[in-house]
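Presented below is the structure to which this report refers.
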Amino acid sequence: MNDNVIVGVNILEELTTGKYRDSRIIFREYIQNACDQIDAAVRSGLIASGEGLIELWIDTEKRHISIEDNATGIPSSQFRQTLYSIGESAKTLGEDKGFRGIGHWCGIGYCKTLVFTSKVKGEAIESVMTCNAEKMRQMMDAHNLHKVHYTIDDALTATVTFSENKAKDLSSHYFKVEMFNVRDVHTELCVLQQVKDYLSFVAPVGYAPAFYFHHQIHKHAELANQPIQEYNVLVNGEPVLKKYAPSFTTSKGEDKITEVDFHDCKDDDGNLIAWLWFGLSHFQGVLKKENQMRGIRLRTQNIQIGGDDALQKLFKEDRGQYYFIGEVFAIAKDLIPNSQRDYFNENEARVQFERLLSEFFNCALNDIYREGSKINSKYGKIEKAEQLEAEIATTQASGKTVSAEQQQKLEHAQREAENAKQELAKIREKTEEKLSGSDFGTVELAVNEIIKSNEEQRATRLSRPAKPVVPVKPSPEMSDKPVLPPIPSIENAKPDKLVPLSKVRDIICKLTDPATADAIIAKIEKELA
């Protein structure tokens, strides 16, 4: 009896390309490995916190991709053993971002040649491993299609070579992955904007400065003793940042985040297992599918798990997920990402995580967007009545007669508006009573914010001067040209009118660059604190 275990070449395919639904996941794999080495470099004192750098370069014409970090590198004495291994890793589960020891092989399915280059500080040698990825895929195909049996040792021996170069700089330290001749069937890997968009939500990077709520998000994380891990990632020299923005488009028009709120998920012993932030808006409708930031995203160690629908099953209504913008940061070490990194492995920690999140989603968040929809509907009725009043006033001012049908529509709209005002007054009174006590929660805060933002919008609309009806007799030469209404004078503006802080933020972000906007907003918030 032969007790030797034979491992076929197919195992490498199953552990790498076979498990990825989206080819762009390879960027996440290589970036998370680089982040782990940056953490190690900071712990050892090789670099200071914040000095770590991950540079991704894409040459679309040559179909060449390079991902390089300035972290520890791999000593030449350990280089062959470290990279040649499959499914073996010295990383710590729950602490490091990668831990299975297979991620560095993921590129073999997407290019002709895969090359790893590394150097540690003080060594005069640069170590290189070159893999003929095309030949390895051919051996996999022969194994499957023509029953030519290759073991994994056969495949590695036939396709992998090691070499060394003389280092140019003794003090340098780095690790680089290169993919040469990306396959035609995976040209999406070389579409620069698509890669940037993908990484702006998947990679562990910071928020765009224009998303001025990031100050509050970081503050909450620090108070929970769970600071958000952020890394410097560049794509063709341009920094990658989370593309969150205050304004967005819904199925029922434009909307914006007016404030952010938070929730901590704690187990029965009071241990934090996850926390989340979510934006408060008018909740006019669901965010459109093309909006990249829609949905409450799932993250662990600030790397996204799955897509925008990873947590959708925890909402009792599918649409509930897409009324919101936000992020869940999983903290518990027992929440282990699966090999596809699209969710967590099944265990008791996951069951508890889902129970706590589902309770919050289907109580607080469900009530928020339903209350928001109800409140918006009532303000809509008030606005409709005011618009009809303005239309009839314009008709009368022009000397025309108001029809009986118009008068009936107005009276009906006015009755509905009056009922809406009374109902809003009750909601407002109930909310204010709750907020003045100690038993208010997320829903009351959200309802108050929805009412406040609607009132601000209504006040702005009502403060606009009505366009005067000015009869103009066109001259012969102007008879074929449109007559423009007069421009309101700035002298009519009210200097004592209060401007909402959210509007000030939007104006600053539109008028200046992100870095300056961020600094100005931070200064205003500090002065008003």
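Each residue in the range 178-224 was checked for being in contact with a strand residue (DSSP E or B) (Cβ under 9 Å, 6 or more places away or on another chain), aliphatic (A, V, I, L, M) and not in a helix (DSSP H, G or I), and 7 pass.
Take the conditions (1) surrounded by 15 or more Cβ atoms within 10 Å (Cβ to Cβ); (2) farther than 18 Å from residue 275 by Cβ; residue 188 misses just one of them, which is (1).
Flag: residue 355 matches the condition of being assigned to a helix (DSSP H, G or I) and more than 30 Å from residue 462 (Cα to Cα). Name the single residue, out of those in the range 290-307 being surrounded by fewer than 22 Cβ atoms within 10 Å (Cβ to Cβ) and of a type in the set (Gly, Ala, Ser), that is farthest from residue 212 (Cα to Cα). So the residue we want is 306.
Between 416, 389, 405, 383, which is part of a helix (DSSP H, G or I), within 36 Å of the chain's Cα centre (by Cα) and among the acidic types (Asp, Glu)? Reasoning before the result, please.
Details: 416 fails: within 36 Å of the chain's Cα centre (by Cα); 389 fails: within 36 Å of the chain's Cα centre (by Cα); 405 fails: within 36 Å of the chain's Cα centre (by Cα).
Answer to the check: 383.
Taken residue by residue, the range 349-365 has at least one member that is more than 27 Å from residue 286 (Cβ to Cβ), under 37 Å from the mean Cα position of the chain (by Cα), assigned by TED's automatic domain parsing to the domain that holds residue 329 and in contact (Cβ under 8 Å) with a residue 24 or more places away in the chain. As a summary of the residue check, residue 310 satisfies the conditions (1) farther than 23 Å from residue 106 by Cβ; (2) surrounded by fewer than 22 Cβ atoms within 10 Å (Cβ to Cβ); (3) under 18 Å from the mean Cα position of the chain (by Cα) except for the one numbered (1).
Answer with yes or no whether residue 85 is at pLDDT below 95, more than 30 Å from residue 226 (Cβ to Cβ) and of a type in the set (Gly, Ala, Ser). The answer is yes for residue 85. Out of all the residues in the range 246-266, which are surrounded by fewer than 17 Cβ atoms within 10 Å (Cβ to Cβ) and part of a loop (DSSP other than H, G, I, E, B)? Matches in the range 246-266: 251, 252. Examine the range 324-338 for a residue that is β-branched (Val, Ile, Thr), closer than 23 Å to residue 245 by Cα and not in a loop (DSSP other than H, G, I, E, B), and state whether such a residue exists. So far as the range 324-338 goes, yes, one or more of its residues are β-branched (Val, Ile, Thr), closer than 23 Å to residue 245 by Cα and not in a loop (DSSP other than H, G, I, E, B). Considering the range 92-120, the residues that are over 22 Å from residue 140 (Cα atoms) and crowded, with 16+ Cβ neighbours inside 10 Å include one that is modelled with the lowest pLDDT, namely 99.
So for the range 121-128 (the condition being assigned by TED's automatic domain parsing to the domain that holds residue 61 and buried (at least 20 other Cβ atoms within 10 Å of the Cβ)), does at least one residue qualify? Break it down into steps so the answer makes sense when it comes.
First, pick out the residues of the range 121-128 that are assigned by TED's automatic domain parsing to the domain that holds residue 61: 121-128.
Still in the running and buried (at least 20 other Cβ atoms within 10 Å of the Cβ): 126-127.
Checking the range 121-128: at least one residue is assigned by TED's automatic domain parsing to the domain that holds residue 61 and buried (at least 20 other Cβ atoms within 10 Å of the Cβ).
None of 450, 375, 368, 427 is in the same structural domain as residue 319 (by TED's automatic domain parsing), over 17 Å from residue 261 (Cβ atoms) and either touching a Gly at 6+ places or on another chain (Cβ under 8 Å) or part of a helix (DSSP H, G or I) (or both) except 427. Flag set for residue 26, criterion: modelled with pLDDT of 90 or more and hydrophobic (A, V, I, L, M, F, W, C).
Please tell me if residue 435 is within 30 Å of residue 270 (Cβ to Cβ), in contact with a Cys (Cβ under 9 Å, 6 or more places away or on another chain) and surrounded by 12 or more Cβ atoms within 10 Å (Cβ to Cβ).
Answer is no for this residue.
Would you pick out the residues in the range 288-316 that are charged (D, E, K, R), more than 16 Å from residue 202 (Cβ to Cβ) and in a loop (DSSP other than H, G, I, E, B)? Listed by number, the residues that qualify are 288, 289, 290, 316. Taking the range 276-289 as the range and being modelled with pLDDT of 95 or more and surrounded by fewer than 20 Cβ atoms within 10 Å (Cβ to Cβ) as the test, no residue passes.
The set of residues in the range 324-363 that are modelled with pLDDT under 95, buried (at least 18 other Cβ atoms within 10 Å of the Cβ) and within 30 Å of residue 252 (Cβ to Cβ) is empty. Taken over the range 169-185, the residue count meeting the criterion of being touching a residue at least 12 places away in the same chain (Cβ under 8 Å) and either touching a His at 6+ places or on another chain (Cβ under 8 Å) or over 30 Å from residue 137 (Cα atoms) (or both) is 10.
Check 417, 425 and return the single one that is touching a Lys or Arg at 6+ places or on another chain (Cβ under 7 Å), farther than 30 Å from residue 210 by Cβ, modelled with pLDDT of 60 or more and hydrophobic (A, V, I, L, M, F, W, C).
Values: 425 fails: touching a Lys or Arg at 6+ places or on another chain (Cβ under 7 Å).
Result: 417 is the single residue among 417, 425 that is touching a Lys or Arg at 6+ places or on another chain (Cβ under 7 Å), farther than 30 Å from residue 210 by Cβ, modelled with pLDDT of 60 or more and hydrophobic (A, V, I, L, M, F, W, C).
Looking for something free of Cβ contacts under 8 Å to residues at least 24 places away in the same chain and either closer than 29 Å to residue 35 by Cβ or touching a strand residue (DSSP E or B) at 6+ places or on another chain (Cβ under 6 Å) (or both) - is there at least one such residue anywhere in the range 269-278? No. Residue by residue through the range 191-224, note down the ones that are free of Cβ contacts under 8 Å to residues at least 60 places away in the same chain and over 16 Å from residue 327 (Cβ atoms). Selection gives 193, 196, 223. Applying the condition of being of a type in the set (A, V, I, L, M, F, W, C) and in contact with a Phe, Trp or Tyr (Cβ under 7 Å, 6 or more places away or on another chain) to the range 208-227 and asking which residue is surrounded by the most Cβ atoms within 10 Å (Cβ to Cβ) yields 211.
The values are calculated or read from the model by the stated rules, or taken from the named source; none is laboratory data. Model, not experiment: these values are computed from the prediction. FYI the Cβ positions are ideal-geometry reconstructions off the backbone, even for glycines, and counts take in every protein chain you see.
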